[in-house]
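Structure, as structure tokens:
The values are calculated or read from the model by the stated rules, or taken from the named source; none is laboratory data. Since the structure is predicted, the reported quantities are computational estimates derived from the model, not experimental observations. Virtual Cβ from ideal backbone geometry, glycine too; neighbours counted across all protein chains shown. These area figures cover heavy atoms from the full protein model, side chains too; ligands, DNA and RNA do not enter into them. Shrake-Rupley method; radii C 1.70, N 1.55, O 1.52, S 1.80 Å.
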Amino acid sequence: MTTIDTPKKTAARRPSGTPKARRRIVVEGSAKHRGIQAVSALLVVLFLLWAASQPLFRVGQFTNVFIIAIAIVGLNLVTGYTGLLSIGHSAFFGLGAYTTGILITKYEFAPMSTIPVAVALSFVVGLAVGLPSLRIKGLYLALVTLAVGVSFPEIVRRAEDLTGGATGLVIRSRFLAPPEWTGLVRAERGIWMFWLSAVTLMLVMLLARFLVRSRFGLAMMASRDHEIAAAANGVNVARTKILAFGISGAITGLAGSLFAQYIGALSPDGSFTLLKSIELVTGLVLGGIATQIGPIVGAFAVVFLPYYTASFTSGPLSGVVFGALLIAIVFVMPEGIVGRLTLLSRKVVTFLPADHPSRRKGERPPEEPT
């Protein structure tokens, strides 16, 4: 009886002479890593100098991008890193804006001195809104935050003595003049708000980075991934959720305070309705949930995409084109723009923390570090 030898499966081999493409390993804190950070900072400074030299209308668009990015950073902390879906952040945005507007018009506060008050008040309200997260989660929590966002414009209309009611609140330009130490005149308020918003955004980004990498940030992500396991390992889930909502509300209120100083006119039917919450969520999804640079990219998307689609088309068709473009981006890049770019960059370079286990043991870094 004859037997037929079946060929065995062999591993595919590379042709000789073709070296295997290896990714570059960059250790955080090394000279190479500091060089990359220095080049990135230089590029940011050059971009800001170029943006500040553009026409006044374009400078105003960039200022709007920076303010929206600050608000998305706050939303990213509670939704991206803590896993609590919020559709009512327009209320925090409006609360910070109206706090600044009321203090300036009614009590003649300096614009910069109203920012701490707006941040503190938004933080307290954020703690209160975060209380339902102890009992409910998911879509039920989203409905609670939705109710907060929907009710805020109605509260503003009712409080006519403070907010001006449905007619709105107008902050005179003489109250919004740049500080004397800047050397800028009242006509250059747009440049002042551009640099104020840009510097504030950078400070907020650094704060969010340090917060995410701290013990509290680890507790946020642990509560997001598995509450039971996080509680079993000593994480106070209740305190983490409430504080996350408070910090998120404070950062979004900061963005609202800057918006009031930038726009100078507040109306409950303007920028504080549910559409603002949808805009923030859209920017978060487009930029990349739980990413550090995602809020900036998402803010650029929600500000400039409608502008350019409206320039190509007119009427209701521009909204259709914008919606189709959003669907295409989400379909092609479900991780967000920054999330997709991060996945692609890992094929070229990998950043490892200085205390990575492979660094301590002197081993070769893994191909897919966690």
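Summary of computed values
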| quantity | calculated |
| --- | --- |
| Matching entry among I68, I25 (being within 30 Å of S214 (Cβ to Cβ), β-branched (V, I, T) and modelled with pLDDT under 90) | I25 |
| Matching entry among L75, L127 (being more than 18 Å from the chain's Cα centre (by Cα) and in a helix (DSSP H, G or I)) | L127 |
| Segment 322-338 residues that are under 16 Å from V297 (Cβ atoms) and acidic (D, E), paired with ones that are open to solvent by 60 Å² or more (accessible area, probe 1.4 Å) and modelled with pLDDT of 90 or more (beta carbon under 7 Å, 6 or more apart) | none |
| Segment 129-171: number of residues that are in contact (Cβ under 8 Å) with a residue 12 or more places away in the chain and among the basic types (K, R) | 2 |
| Of residues in segment 170-223 being in a helix (DSSP H, G or I), of a type in the set (G, A, S) and under 22 Å from F109 (Cβ atoms), the one most open to solvent (accessible area, probe 1.4 Å) | S173 |
| Flag for I278 being surrounded by fewer than 15 Cβ atoms within 10 Å (Cβ to Cβ), at pLDDT 90 or above and either assigned to a helix (DSSP H, G or I) or touching a Pro at 6+ places or on another chain (Cβ under 6 Å) (or both) | yes |
| Only listed residue being more than 22 Å from G217 (Cα to Cα) and either touching a helix residue (DSSP H, G or I) at 6+ places or on another chain (Cβ under 9 Å) or open to solvent by 10 Å² or more (accessible area, probe 1.4 Å) (or both), chosen from T252, T273 | T273 |
| Residue match in segment 79-94 (condition: of a type in the set (A, V, I, L, M), assigned to a helix (DSSP H, G or I) and open to solvent by less than 60 Å² (accessible area, probe 1.4 Å)) | yes |
| Filter result (surrounded by fewer than 16 Cβ atoms within 10 Å (Cβ to Cβ) and among the aromatic types (F, W, Y)) within segment 140-160 | Y140 |
| Any hit, segment 54-62, residues being more than 28 Å from K347 (Cβ to Cβ) and assigned to a loop (DSSP other than H, G, I, E, B) | yes |
| Qualifying residue in segment 155-167 (condition: of a type outside the set (A, V, I, L, M) and in contact with a Leu (Cβ under 7 Å, 6 or more places away or on another chain)) | yes |
| Residue list for segment 248-279, restricted to those being among the aliphatic types (A, V, I, L, M) and closer than 23 Å to L143 by Cα | A250, I251, L274, L275, I278 |
| Cross-chain or 6+ apart pairs with Cβ under 6 Å, segment 268-279 first and touching a residue at least 40 places away in the same chain (Cβ under 8 Å) and more than 19 Å from T79 (Cα to Cα), then of a type in the set (G, A, S) and part of a helix (DSSP H, G or I) | F272/S90; F272/G94 |
